[in-house]
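**Q** My questions will all concern the structure given below.
The values are calculated or read from the model by the stated rules, or taken from the named source; none is laboratory data. Just so it is clear, the structure is predicted and the values come from calculations on it, not from any experiment. Methodologically, a virtual Cβ is constructed for each residue, glycine included, from the backbone with ideal geometry; neighbour enumeration extends over all protein chains shown. SASA here: full protein model, heavy atoms, side chains in, ligands and nucleic acids out. Shrake-Rupley method; radii C 1.70, N 1.55, O 1.52, S 1.80 Å.
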Amino acid sequence: MALGDARWGDLRGVIALDGPSGTGKSTVARRLASTLRAGYLDTGAMYRAVTLAVLRAGGDATEIARTARVEMGTDPADPAVSLDGADVAAEIRGPEVTLAVSEVSAVAEVRRILVDQQRAIIASVLAEKGGIVVEGRDIGTTVAPDAELKVYLTASADARAQRRSRQDLAAGRTATVEETLADVQRRDDYDSSRAVSPLRQAEDAVELDTTDLDLPGVLASLLDIVDSRGLRTGQAVGR
C-alpha cells in the first residue's frame with residue numbers, strides 16, 4: 001500500500017507496550033494508537049476471552065482456545081472483543097475472569113495458539129495501516145521480538161491498585177483498594193513466575209515509570225520516544 005493511501009497512518013512498524021496490571025497500558029496504548037492513526041491490539045483481552053470460554057464450557061483449556069471464535073477489534077476508538085459472535089468486552093473484565101485468567105494464560109499450548117493469532121493480526125494491520133500499538137505482558141519478548149519500539153511500563157504496586165480501583169468503580173465493579181492491591185500482587189507473582197513467556201522486560205526495552213505521571217504525561221513521554229526513534233511516517237529513521 002502506498003504511503004499516500006488515505007488509510008495509511010502516521011506510525012511505521014510495531015510499538016510493543018509491556019508491563020504489569022495497573023500501569024495504564026490499555027488507556028495509554030489506545031490513546032497512543034489514536035494519536036498516531038495506528039492499529040491497536042490488546043492481547044490481554046484475548047486471554048480473558050478464552051478464559052471466559054473456559055469458565056462457560058469447562059474442560060480442556062487448550063481445546064477451548066483452539067475452537068473458541070475470538071475476534072478482536074483493532075480500531076483504538078472501538079476495541080471490540082467478541083466470543084463466538086457475541087460482544088464480551090464488559091464481561092471479560094469481571095472478577096471471575098480476573099481470578100482465572102493468569103492460570104489459563106499460563107498453559108503453554110494456549111499461549112502458542114494465541115501468539116500465532118496475535119502475530120497474524122499484527123501482520124494484517126501492518127499491511128493495511130503501516131503501524132500498530134500492541135499491549136500485553138510478552139509482546140517485546142515473545143509476540144513481536146523485532147518490534148521497532150519496545151516500552152516496559154512500571155509503577156508502584158500502590159499506585160497500580162489505586163488506578164485499578166478507579167477503573168473498576170467507573171465500570172460499575174466494586175472492590176476495595178486493599179482487595180485490588182492483593183489481586184495486583186497475586187497477578188504479578190503468577191505472571192512473572194510462570195514457565196512460559198513470563199512477565200519480564202525485554203533487554204532492549206525502554207523502561208517508563210508511570211507512578212507520578214498522569215495520562216497526558218505518559219502519552220507525551222511515549223511520543224517523545226517515538227519521535228526520537230524516527231517512527232512517524234516521513235521522519236528519517238533515527239536508530
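**Q** Return yes or no: is Ser156 of a type in the set (Gly, Ala, Ser) and touching a residue at least 12 places away in the same chain (Cβ under 8 Å)?
**A** When the stated conditions are applied, Ser156 passes them.
**Q** Right, something else. Output the number of residues of the range 138-162 satisfying the condition of being outside any helix (DSSP H, G or I) and open to solvent by 40 Å² or more (accessible area, probe 1.4 Å).
**A** So the answer is 4.
**Q** For residues that are open to solvent by less than 20 Å² (accessible area, probe 1.4 Å), part of a helix (DSSP H, G or I) and of a type outside the set (Val, Ile, Thr), scanning just the range 22-43, find the one that is farthest from Gln162 (Cα to Cα).
**A** Ala33
**Q** So, in the range 125-153, of the ones that are β-branched (Val, Ile, Thr) and touching a residue at least 60 places away in the same chain (Cβ under 8 Å), which residue ends up nearest to Ser197 (Cα to Cα)?
**A** The extreme case among them is Thr141.
**Q** Moving on. Could you figure out which of (1) in a helix (DSSP H, G or I); (2) in contact (Cβ under 8 Å) with a residue 40 or more places away in the chain; (3) not small (Gly, Ala, Ser) isn't true of Glu63?
**A** (2)
**Q** Related question: Starting from residues that are touching a strand residue (DSSP E or B) at 6+ places or on another chain (Cβ under 9 Å) and either open to solvent by 60 Å² or more (accessible area, probe 1.4 Å) or among the acidic types (Asp, Glu) (or both), keep the ones in the range 186-202 and report whichever is nearest to Pro95 (Cα to Cα).
**A** Arg200
**Q** For the range 89-98, state whether one or more residues are touching a strand residue (DSSP E or B) at 6+ places or on another chain (Cβ under 8 Å), assigned to a helix (DSSP H, G or I), within 25 Å of Pro198 (Cα to Cα) and of a type in the set (Val, Ile, Thr).
**A** Taking every residue of the range 89-98 in turn, at least one turns out to be touching a strand residue (DSSP E or B) at 6+ places or on another chain (Cβ under 8 Å), assigned to a helix (DSSP H, G or I), within 25 Å of Pro198 (Cα to Cα) and of a type in the set (Val, Ile, Thr).
**Q** Related question: In the range 97-137, which residues are over 23 Å from Ala205 (Cβ atoms), open to solvent by 20 Å² or more (accessible area, probe 1.4 Å) and among the β-branched types (Val, Ile, Thr)?
**A** Val107
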